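First comes the structure, then the notes that go with it.
FYI, it's all coordinate maths here, none of it is from the lab. Small disclaimer: the values here were computed from a predicted structure and weren't measured. All Cβ positions, even for glycine, are placed from backbone atoms using ideal geometry, and neighbour counts span all protein chains on display.
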Amino acid sequence: MSDGERLIGAYAVGPEAGEWLQQVTLAIRARIPLVVLLDVVQPFPTFSEALFHALRDLSTQLSGSR
């Protein structure tokens, strides 16, 4: 979930979901912009690939609604 610029909420289901949900929690608390989150190089991309794809899809949806 987003306000158009930042994440305001998220949920995770599935194996290892907690691995990337920690990143989302930090991003929400620190009010990190979506464009910054999309540019982050992940140390363990196998765990974070789902987060990257979700952020990319959210960014695409938001771009289309403007």
Where chymotrypsin sites (Phe, Trp or Tyr not before Pro) fall in DSSP loop in the chain, at most 10 other Cβ within 10 Å: Tyr11
Crossing angle, helix 17-30 versus the chain [Cα axis fit, 0-90 degrees, rounded to tens]: 40 degrees
The chain - mean residue ellipticity at 222 nm from DSSP helices (-39,500 (n - 2.57) per run, n ≥ 4, rounded to 500): -18500 deg cm²/dmol
The stretch 4-11 - phi-based ³J(HN,Hα) in whole Hz, Karplus 6.51/-1.76/1.60, Gly and Pro as x: x, 10, 9, 6, 10, x, 6, 9
Under-5 Å amide H pairs with Leu7, H placed in peptide plane, nonlocal only: Leu34
Intensity falloff of the stretch 17-64 expressed as log10 I(q)/I(0), Debye formula with alpha-carbon point scatterers, at q = 0.18, 0.26 Å⁻¹: -0.53, -1.07
In degrees, nearest ten, helix 45-64 long axis to first principal axis of the chain (Cα): 10 degrees
